[in-house]
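Input: a single structure, listed below in C-alpha cells.
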Amino acid sequence: MKTYLIICCVAGIVIPYWFALPFFLIHGPNFGLFVEEIFATRISSFFAADLLLSSVIFLSWSRREARDKKIDGWWLVLVSNLVVGLSLALPLYLLKRLGATNR
C-alpha cells in the first residue's frame, strides 16, 4: 500500500502540473487570469466548484482526524493541497495515516 500511495503522490503532482505549467510559463503568476479561465465555462466551473468543495471537506476532516489520531505533520497536507491540489494532498495524508498506524 505504501508504494501505491507514493506512486499516487507522484502522479498527483505530475498530471495536474502537466496541464498547469504551460499556463504559468506563458502568463506567469497571473492568478486573476488563472481563476478567470478556471471558471470560463459552465462545465469547467462545475469541476472547479466540485474540487474546491471536496478540498475543503477533506481538509476539515483530515485535520480533525490527524489531531485525534496524533498524526504528525498535517501542515504538509494543507500546503500540498494549496500548492498542488487534492490529487497530492489526499494520497499524502493516507500515506501519513498509514505510517502513524504502523508505529
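Each value in this text was obtained by applying a stated rule to the coordinates, not by laboratory testing. Note that the structure is a prediction, hence the values are computed from the model and not measured. All Cβ positions, even for glycine, are placed from backbone atoms using ideal geometry, and neighbour counts span all protein chains on display.
Computed from the coordinates I sent, Rg and Dmax of the Cα atoms in Å equals one of [x] 13.0, 40; [y] 15.3, 47; [z] 13.9, 50. Tell me the label.
[y]
What is the spin-label model distance, in nm, from H27 to D50 if the labels are put 7 Å beyond Cα along the C-beta direction?
My value for the distance between the label points is 2.2 nm.
Can you list which of the chymotrypsin sites (Phe, Trp or Tyr not before Pro) found in the range 11-103 are DSSP loop residues with at most 14 other C-beta atoms within 10 Å?
For chymotrypsin sites (Phe, Trp or Tyr not before Pro) across the range 11-103 that sit outside H, G, I, E and B with at most 14 neighbouring Cβ atoms in 10 Å, the list reads F39.
Let me check against my output: what whole-number percent is the relative contact order of the chain, with C-alpha pairs under 8 Å and at least 6 apart?
This gives 45 percent for the chain.
Hydropathy first: keep DSSP H helices in the chain averaging at least 0.0 on Kyte-Doolittle, then drop any whose Cα extent along the axis falls short of 30 Å, and list what survives.
Within the chain the helices that satisfy the rule are 2-27, 42-68.
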